[in-house]
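The structure appears below as structure tokens.
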Amino acid sequence: MLDWDFHTHTVYSKHAHPDMTVANSLAAAAAAGITRLVILEHVPEISVERNTVAQWKKGKDERTQLDAIAADLKETEASFPSVKVLRGVELDADPIALDGSSMLKDLSGIDIVLGSTHVFPGGAAFWFDKVSLPPERGWKIALEWAAWAERFVRSGVPHVLSHPGDLVAARELVPPFDKERTLELFDPLLSAMAECGVAFELNELLGAKLPPAYRETYSALVRRARGHRLKFSVGSDAHSPAGVGKFNWAIELIEAAGVTASDLWQPHAS
């Protein structure tokens, strides 16, 4: 049984369900038997208002959404004593600098940092934008991404790497995860995560976003990460109350990759 959820969003994301208030998130967690919950938001914000990379970049160092969560927690947290809440941020690496720096300097009051790369290296597009690239170009971008993600991990900022491989897999920049060449691409990054104590996220929502061949072979990447002796953080990436604490694909990955209880990551925040 997993009685924690280390990745949940709120209405402050501006792309979550209208019912995903902080209070409703806590109520859903309590109902699902969740005892530890990370509530976070994106920095920079990803929304309809900032649906281009140029607009998204204007959100660098803005944390109004994080402060709004903190204010709501002051009003609601005491009503759910069975749920220990940790304040988080899903923080992007700077896709223009590519030096491992992040898009938010002020991390005061933040317990958990989930590091993400939602934008292609160089800032050409979001990971979810429809792009079609010849194999040699896709592989070149994948190599750039892997080196950039490693620099981000080594920056000391992220505690967890969020939905690893989403960008290269969702856009099919490399072959699926049953190919040794693809797994070798990840080895330097996984080694850096092991050295820096950065956990690998098993992200429930990622399973719905990957093309079938990548979803079906993702457990090979999880096994590779376990071979590097990484810890695994489990998060629903819920954007609605119904998604809080719901793990189906994540449990499939745990079973398929032989992940044990001792392999699961727990934050050390008080």
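Couple of notes before you dig in:
- Screening residue 246 on (1) over 15 Å from residue 2 (Cβ atoms); (2) of a type in the set (Lys, Arg); (3) assigned to a loop (DSSP other than H, G, I, E, B) shows it passes everything except condition (1).
- The condition of being surrounded by fewer than 24 Cβ atoms within 10 Å (Cβ to Cβ), of a type outside the set (A, V, I, L, M, F, W, C), closer than 16 Å to residue 93 by Cα and at pLDDT 95 or above holds for only one of 207, 156, that being 156.
- Against the list (1) in a loop (DSSP other than H, G, I, E, B); (2) over 21 Å from residue 163 (Cα atoms); (3) charged (D, E, K, R), the condition residue 75 fails is (1).
- From 69, 39, residue being within 20 Å of residue 105 (Cβ to Cβ) and aliphatic (A, V, I, L, M): 69
- Test result for residue 202, within 25 Å of residue 36 (Cβ to Cβ), within 18 Å of the chain's Cα centre (by Cα) and not in a helix (DSSP H, G or I): yes
- Selection status of residue 104, in contact with a strand residue (DSSP E or B) (Cβ under 8 Å, 6 or more places away or on another chain), under 24 Å from residue 54 (Cα atoms), in contact (Cβ under 8 Å) with a residue 12 or more places away in the chain and not in a helix (DSSP H, G or I): yes
- Qualifying residue in the stretch 61-76 (condition: on the phi > 0 side of the Ramachandran plot and either surrounded by 17 or more Cβ atoms within 10 Å (Cβ to Cβ) or not β-branched (Val, Ile, Thr) (or both)): yes
- Residue within the stretch 118-133 that is surrounded by 14 or more Cβ atoms within 10 Å (Cβ to Cβ), of a type outside the set (Ser, Thr, Tyr), at pLDDT 95 or above and not in a loop (DSSP other than H, G, I, E, B) present: yes
- One residue from 230, 189 being part of a loop (DSSP other than H, G, I, E, B) and not aromatic (Phe, Trp, Tyr): 230
- Some residue of the stretch 78-98 being within 12 Å of residue 158 (Cα to Cα), surrounded by fewer than 17 Cβ atoms within 10 Å (Cβ to Cβ) and among the hydroxyl-bearing types (Ser, Thr, Tyr): no
- Condition met for residue 49 (of a type outside the set (A, V, I, L, M, F, W, C), closer than 19 Å to residue 162 by Cα and touching a residue at least 12 places away in the same chain (Cβ under 8 Å)): no
- The listed residues are 124, 93, and the only one of them that is closer than 21 Å to residue 198 by Cβ and out of contact with any His (no Cβ under 8 Å at 6 or more places or on another chain) turns out to be 93.
- Test: residue 92 is among the acidic types (Asp, Glu) and either under 16 Å from the mean Cα position of the chain (by Cα) or on the phi > 0 side of the Ramachandran plot (or both): yes
- Boolean, residue 30 is within 22 Å of residue 78 (Cα to Cα) and small (Gly, Ala, Ser): yes
- Residues satisfying the stated conditions in the stretch 20-56, i.e. part of a helix (DSSP H, G or I) and of a type in the set (S, T, N, Q): 24, 25, 55
- Residue 167 surrounded by 19 or more Cβ atoms within 10 Å (Cβ to Cβ), out of contact with any strand residue (DSSP E or B) (no Cβ under 9 Å at 6 or more places or on another chain) and either part of a helix (DSSP H, G or I) or of a type outside the set (A, V, I, L, M) (or both): no
The values are calculated or read from the model by the stated rules, or taken from the named source; none is laboratory data. This one's a predicted model, so the numbers in the text were calculated from it and none came from an experiment. So basically every Cβ, Gly included, is an ideal-geometry build from the backbone, and we count neighbours across all protein chains shown.
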